[in-house]
Amino acid sequence: MTDLIFTDPGIDDFLALSHYAQANAHDQVSYLIASAGNVSLEHVGDNLQYLLSLLKAPLLKGYLGSGGFISEAPLETAASVHGENGLAELPVPPEGRKALGCLEDLAKELLDLRSPLRVLVLSPLSDAYRFLSTYPLLREQIQEVWVMGGSFRTPGNINAYAEFNVYQDPAAFYEFLQWGLKTYLVGLDLTEALEFLLDEFIYSDAPLGEIVKHCIEFYSRFHQQVDGFKGIYGHDVIAAALFLGQIPFETEPIKVTAVLEKPIEERGRIIWVPDSSASSYLVKVTNLQALKKLVLDSITALAR
């Protein structure tokens, strides 16, 4: 099984990719595509290359996405959450994206491998949709898809209804689901059920520990101001843990019938119904404390 990950780092993507690099026991290459989302394509490309250099994980290979969105709307970055450069204003070396591979080469390599694929999407679905539309034979290799995205029974985090990744590109989210791939949706209903408080994290004074501490404290300022608690949500790292099969989960099959683009105040709102024959599944976790411990232990290990 080969893993294909779409990511828009982003502080929470940094935590998720770090968790993945620690926990992934595969002895084969995993492929990461930098996609626009939290910040522009230029920044996420630089950030991904920087993170790969920090993690020293030779089996993780980075590629630069194509940028842009399917929906007709300008990019709305999350600078107030992640910083102008997406990584809490850390001094990221510029133009690291030039060291990333191109998508044409990635597609050829994956098609030549003929390996079953697992896909994890931590970004808007723009690049995932575009890449798999351009190379449709790759869809035949996909066994399952995990998407961190959507707000189903809880309020959104970008407007009253929408989760950020879906808000960025509602059309890509909707059209991707129409392919009928087995898709697990990790939405705000799950990820905002857990608050990770600042005093629950343990850091070392090692260089990577200092970076983790800086990112989490930067991230927490937004949540203290907007959500009223001193800590963070673990959206993407929770999705990564579930993708890796590290925690038991339950599912609810649903059919997404529409994702709104207009009016703007409802952009990203998902219209859905329960449907036992559907190929999309809402993910639920009963033992939230076990999930929380898993994430905290991972971040503690990273910080050391």
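Quick note: the coordinates plus some simple rules give every number you see, no bench work behind them. Computed from a prediction, not measured in an experiment: that's the story for all the values here. Neighbour counts are summed over all protein chains in view; Cβ atoms, including those assigned to glycine, are modelled from backbone coordinates with ideal geometry.
Only one residue of Ile299, Val273, Leu288 has its Cα farthest out toward the positive end of the dipole of the stretch 262-304, where Lys and Arg carry +1 and Asp and Glu -1 on Cβ, and that residue is Ile299. Listed by chain and number, the lysines placed with their C-alpha closer than 28 angstrom to that of Lys56 are Lys98, Lys108, Lys213, Lys292, Lys293; residues fewer than eight positions away on the same chain are left out. In this Cβ point-charge picture (+1 for Lys and Arg, -1 for Asp and Glu), the stretch 56-98 has a dipole of about 400 debye about its Cα centre.
If you take all other residues with their beta carbon under 12 Å from the beta carbon of Glu72, and give Lys and Arg +1 and Asp and Glu -1, the sum is 0.
Cross-link partners for Lys182 among the lysines, with Cα-Cα distance under 23 Å and sequence neighbours closer than 8 places in the same chain left out: Lys255, Lys284. Sorted on the mean count of surrounding Cβ atoms within 10 Å across their residues, most packed first, peptides 133-146, 156-169, 3-16 read 3-16, 156-169, 133-146. Evaluated with a Cβ-only charge set (Lys, Arg +1; Asp, Glu -1), the chain carries a dipole of roughly 500 debye about its Cα centre, given to the nearest 20. In terms of its alpha-carbon gyration tensor, the chain comes out rounded; the largest-to-smallest axis ratio a/c stays below the 1.5 threshold. Using the average count of surrounding beta-carbon atoms within 10 Å as a protection proxy, the listed peptides 82-93, 34-45, 221-232 rank, highest first, as 34-45, 82-93, 221-232. Local charge for Gly228 was computed over the other residues whose Cβ lies under 14 Å away, with Lys and Arg +1 and Asp and Glu -1, and equals -1. Of the residues Gly156, Asn38, Phe131, the one whose Cα sits farthest toward the positive end of the charge dipole of the chain, with +1 on the Cβ of Lys and Arg and -1 on the Cβ of Asp and Glu, is Phe131.
Summing charges over all other residues whose Cβ lies under 11 Å from the Cβ of Trp272, with Lys and Arg as +1 and Asp and Glu as -1, gives +1. In the frame of its principal axes, the stretch 134-269 has Cα extents of 47, 37, 30 Å, reported largest first.
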